[in-house]
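Below is one structure, written out as C-alpha cells; the observations come after it.
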Amino acid sequence: MKPIQVGLLGIGTVGSGTFHVLQRNQEEIRRRAGRGIEIAMVADLDTTRAKQIVGDAAKVVGDAREVIANPDIDVVVELIGGYGIAKALVLEAIAAGKHVVTANKALLAVHGTEIFKAAAEKGVMVAYEAAVAGGIPIIKALREGLTANSIQWVAGIINGTTNFILSEMRDKGLDFDVVLKEAQRLGYAEADPTFDIEGVDAAHKATLMSAIAFGIPVQFDKAYVEGITKLTSTDIKYAEQLGYRIKLLGITKRTDKGVELRVHPSLVPTKRLIANVEGAMNAVVVHGDAVGTTLYYGKGAGSEPTASAVIADLVDIARMDGSDPAHRVPALAFQANTLAAAGNELPVLPMADVVTSYYLRIRVADEAGVLAKITTLLANAGISIDAVIQREADEVGGEGSNQTDLIILTHDTREGDMDKALAEIQGLPTVLAPITRIRKEELN
Ligand code: HSE
C-alpha cells in the first residue's frame, strides 16, 4: 500500500522529534501501520533550520498553506500552537479533506466543538494524543482502553513545569519566585510561563479529559483555574508534616448534580503514588466503576516523548484512512450526536457547588478564645473539622511572638459554604492576615 503522506506545520522541538523517530523506527512503524508513513513536506518560518533537520527527505516551504494546498498530502500535523493562525490552518486543512494531528490543547479545549464538527462533516479524523500529558497514552486509555467503564473521576499532574517548581520548593525549601527563575534557566518553563504557572495549560488538558471521560462537549470556559503563584514553602512544609504533598492537579469528577472541572493546588496524601511524582514528570489517575483506579505515568513534554504520541496518531490514521467514518473511534470517545444532550444532563458545576475537603492556615493573635470563635463559625456553616494544629508562637513569629498559625483540616464541604465561613473568619479582629485555603483530595 502507498505510504501515507504527511505535512508538518512547524518543525520545532516536537516536529524534529517526530521526524527523527519516524526515520529511526520506520520499519517497525510500517509493520504496525500496514503502510509507510512519510513526512513529505515541512512548513516552517525558519526554512534554513528546517532544511538542516530534514535534509533532502522532505520538501521545505515557508508557507503552511502550500502544504494544505498540496493534493498529495493526506495528513497535516499542526505543531504551531496557540489559538490564532493554528486554528485557521487546522480548519483549512479539514476543508481541504486532510486528516489532522495536533498537539494543541489550547486550540481544542477552546475551539474543539467547532473543529470536531468541521472534521465530522468532511469525514476526516482529528487526532490529539500529544495534546494531553505528552508521551503518556492517556487519550487512548480513556477513549478505548477504558471504554467499558462509567468513569467516575480523573485527576492528573498534567503540567511538568509546575510539578518541577513544586518539587524544588519542597526539596530545597525555596520560594516560588526563586524556583521559577531556575525552571526558566533550565528550559522547563517558557520565557512567558503564564499558562503553566497560572494553571491554564493544565486546565486545557483537564477540559479535554473531562469531555472524553464523561461524553460531554469541551467546555474550557466553565473550568475553574487556579495556579501555583501564591503557594508558599511554609504551606508545603506544614502539609508535609501532616502527611500530604501539594500538587497542581487537574480534576474532573462526575457527581449527581453534574461534572466538576477544576485545576488548583491540592494536598494529596503522601502515601498515594501520584503524590510521589516529582520533577517535570506527569501522571494521571483514572477511576472507572469496573476497573477501579488506574495510574498512567511518564514524560508530559519534550521532543521524542511528544513525538511518540504524534506518531501513534499517525499510525491510527494510516490504518483508518479511507475507512467508513462511522466505524472509527469517535473524536471525543462518544458518538458526536450524543454529546450535547449529555452536556445538558451533566452540566459543569460552578465552583460553589464543588465538594472537597480543605487545609486552612489562619494567622491569629495568640490569645484566649481565638480557636473557639473560629471553630464556632465553621460549625455554624456545617463544616466538620478533621484535625486542628496550633504552631508554637515562637516558631511562627520568632522569640516572644504573640501571633501564631492555626492549621485546620476539614472534612468534605461545599465550596460555597466554605467561602461564606471564611469571609466571616477573615472578619474577626484576631485574624491577622489573609487566610490560606488549599483544597485537599484523598483520591481513594
Ligand atoms: N508546558 C507544558 C508543561 C508542556 O510544562 O507540562 C506541554 O504541554
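For region 65-110, a residue qualifies if it is surrounded by fewer than 22 Cβ atoms within 10 Å (Cβ to Cβ) and of a type in the set (S, T, N, Q), and exactly one does: 70.
Considered as a group, the residues in region 281-291 that are surrounded by 16 or more Cβ atoms within 10 Å (Cβ to Cβ) and away from the ligand (no atom under 16 Å from the Cβ) include one that is nearest to residue 167 (Cα to Cα), and that residue is 285.
With 294, 270, 306 as the choices, which residue is farther than 19 Å from residue 183 by Cα, of a type in the set (S, T, N, Q) and within 14 Å of the ligand (Cβ to nearest atom)?
On the way: 294 fails: within 14 Å of the ligand (Cβ to nearest atom); 270 fails: within 14 Å of the ligand (Cβ to nearest atom).
Residue meeting the stated conditions: 306.
Here residue 253 fits the description: assigned by the TED database to the domain that holds residue 284, of a type outside the set (Gly, Ala, Ser) and crowded, with 23+ Cβ neighbours inside 10 Å.
Taking residue 53, is it in contact with a Ser or Thr (Cβ under 7 Å, 6 or more places away or on another chain) and farther than 27 Å from residue 251 by Cβ? Let's see the steps before the verdict.
Numbers: in contact with a Ser or Thr (Cβ under 7 Å, 6 or more places away or on another chain): yes; farther than 27 Å from residue 251 by Cβ: yes.
In short, yes.
Going residue by residue through region 316-328, is there one that turns out to be within 23 Å of residue 201 (Cβ to Cβ) and either modelled with pLDDT of 95 or more or touching a helix residue (DSSP H, G or I) at 6+ places or on another chain (Cβ under 8 Å) (or both)? Steps first, please.
Step one: of region 316-328, the residues within 23 Å of residue 201 (Cβ to Cβ) are none.
No - not one qualifying residue is present in region 316-328.
Residues that are in a helix (DSSP H, G or I), assigned by the TED database to the domain that holds residue 205 and within 12 Å of the ligand (Cβ to nearest atom) were ranked within region 126-165; the one that is nearest to residue 212 (Cα to Cα) is 160.
Filtered by the rule that a residue be under 30 Å from the mean Cα position of the chain (by Cα) and part of a strand (DSSP E or B), region 382-417 gives 386, 407, 408, 409, 410, 413, 414.
When region 185-220 is limited to residues that are within 12 Å of the chain's Cα centre (by Cα), in a helix (DSSP H, G or I) and of a type in the set (Gly, Ala, Ser), the one that is surrounded by the fewest Cβ atoms within 10 Å (Cβ to Cβ) turns out to be 203. Only a single item in (1) within 12 Å of the ligand (Cβ to nearest atom); (2) hydrophobic (A, V, I, L, M, F, W, C); (3) in contact with a Ser or Thr (Cβ under 7 Å, 6 or more places away or on another chain) is not met by residue 218, and it is number (1).
Would you mind stating whether residue 258 is over 17 Å from the mean Cα position of the chain (by Cα) and either on the phi > 0 side of the Ramachandran plot or within 14 Å of the ligand (Cβ to nearest atom) (or both)? Yes; evaluated as a whole, the condition is true for this residue. Taking first residues from region 177-199 that are touching a residue at least 40 places away in the same chain (Cβ under 8 Å) and partners that are among the β-branched types (Val, Ile, Thr) and buried (at least 18 other Cβ atoms within 10 Å of the Cβ), the Cβ contacts under 6 Å between residues at least 6 apart in sequence or on separate chains come to 188/161; 199/225; 199/263. Being more than 22 Å from residue 350 (Cα to Cα) and under 13 Å from the mean Cα position of the chain (by Cα) is a property that does not hold for residue 175. Across region 231-281, the number of residues qualifying as of a type in the set (Asp, Glu) and either in a helix (DSSP H, G or I) or in contact with a helix residue (DSSP H, G or I) (Cβ under 7 Å, 6 or more places away or on another chain) (or both) comes to 3. The number of residues in region 305-363 that are more than 25 Å from the chain's Cα centre (by Cα), surrounded by 19 or more Cβ atoms within 10 Å (Cβ to Cβ) and of a type in the set (Gly, Ala, Ser) comes to 1.
The values are calculated or read from the model by the stated rules, or taken from the named source; none is laboratory data. Values in this document were obtained by computation on a predicted structure and should not be read as measured data. In this analysis, Cβ positions are derived from the backbone assuming ideal geometry, glycine residues included, and neighbour counts consider all displayed protein chains.
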